[in-house]
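Take a look at the structure below.
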Amino acid sequence: LSEPTIKRMFTACDCSLERLDQICGFLQVEISEISRTSPRKRNLINQLSFKQEMELVSNKHLLLCAVCTMNLWSFEDMVNYLNIAKAECIQLLRRLEGIGFLELHPGSQYRLRVARDFSWIVGGPIMTMVKGMADEFFDHRFDGKGELIKIINVRLSEQSAELLKRRLEQVAQEYADQVSADAHLPLTERAPMAVCIATRQWLPGFMLPLIRFPEERSPE
């Protein structure tokens, strides 16, 4: 169906039983199941505990599996594209279910239990590990398709800085939401992208001895 047709369906609340039956068939559920049950409230997690992040850092296979599920890899893609045996992959998914990261369904299918705004602990094990790879990340030209790097030095009021922070958080969330939008595409058509958005009060270390800061504290 075209996008205008879908919009008209929503606007007119036009969803016949025949159409509903087709949708249920695609989702592999029965109409009767929908009619006799109320939606189940799902308790989604916004963050893991420090201990759980430590477990991911200490078990790189588990961490890799977690990242793949966050990027909505199918179980078949994990088996086909990861150097992890099928049996181990199943065990890893079960462990992720154990810590509340996802819920497993028959056929090694899964459903994420992480919230839309899920994030790693600031200063926690995962972020510490990622920051340790900063040299590897930035040792790149950033001139490929979809790539960009900009460093802009500005002086802003506290209010403007907070406004900019919120806008950057929105951009980061747009990238995260796009994962779901593109999940229907084959894995080979979804390039692995890494997004780093950071803002802080900062001057390069070599500048600190060269600048005087009247009536303000020197940046650390």
field: Options ARG166, ARG141: the member that is more than 25 Å from LEU62 (Cα to Cα), in a loop (DSSP other than H, G, I, E, B), of a type in the set (D, E, K, R) and more than 17 Å from the chain's Cα centre (by Cα)
entry: ARG141
query: Out of the stretch 149-184, which residues are open to solvent by less than 100 Å² (accessible area, probe 1.4 Å), polar (S, T, N, Q) and farther than 25 Å from PHE137 by Cα?
result: SER157, SER160
query: If you scan the stretch 185-210, which residues turn out to be in a loop (DSSP other than H, G, I, E, B), open to solvent by 100 Å² or more (accessible area, probe 1.4 Å) and farther than 28 Å from SER74 by Cα?
result: ARG200, GLN201, TRP202
query: From LEU93, LEU72, LEU82, LEU104, which residue is within 16 Å of the chain's Cα centre (by Cα), under 30 Å from PRO192 (Cα atoms) and of a type in the set (A, V, I, L, M)?
result: LEU72
- prompt: Can you name the residue in the stretch 78-90 that is assigned to a helix (DSSP H, G or I) and open to solvent by 30 Å² or more (accessible area, probe 1.4 Å) and is also nearest to ALA191 (Cα to Cα) among such residues?
  reply: TYR81
- prompt: Within the stretch 180-203, can you find the residues that are within 30 Å of LYS145 (Cβ to Cβ) and not aliphatic (A, V, I, L, M)?
  reply: SER180, ASP182, HIS184, PRO186, THR188, GLU189, ARG190, PRO192, CYS196, THR199, ARG200, TRP202
message: I'd like to check something: does the stretch 54-71 contain any residue that is farther than 24 Å from LEU185 by Cα, in a helix (DSSP H, G or I), modelled with pLDDT of 80 or more and in contact with a Ser or Thr (Cβ under 9 Å, 6 or more places away or on another chain)?
response: yes
- prompt: Restricting the search to the stretch 48-59, which residues are open to solvent by 20 Å² or more (accessible area, probe 1.4 Å) and either small (Gly, Ala, Ser) or under 18 Å from the mean Cα position of the chain (by Cα) (or both)?
  reply: SER49, GLN52, VAL57, SER58
message: Can you say whether LEU93 is in contact with a helix residue (DSSP H, G or I) (Cβ under 7 Å, 6 or more places away or on another chain), in contact (Cβ under 8 Å) with a residue 12 or more places away in the chain and open to solvent by 30 Å² or more (accessible area, probe 1.4 Å), as far as the supplied structure shows?
response: no
task: Spot the failing condition for SER119; the list is (1) farther than 22 Å from GLN178 by Cα; (2) within 18 Å of the chain's Cα centre (by Cα); (3) open to solvent by 30 Å² or more (accessible area, probe 1.4 Å), and only one is missed.
output: (1)
field: Among residues of the stretch 43-74, those that are within 17 Å of VAL179 (Cβ to Cβ) and among the aromatic types (Phe, Trp, Tyr), counted
entry: 1
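The values are calculated or read from the model by the stated rules, or taken from the named source; none is laboratory data. Just so we're clear, the structure is a prediction, and the values are computed from it rather than from any experiment. Neighbour counts are summed over all protein chains in view; Cβ atoms, including those assigned to glycine, are modelled from backbone coordinates with ideal geometry. All accessible areas refer to the heavy atoms of the entire protein, side chains included, with ligands and DNA or RNA removed. Shrake-Rupley method; radii C 1.70, N 1.55, O 1.52, S 1.80 Å.
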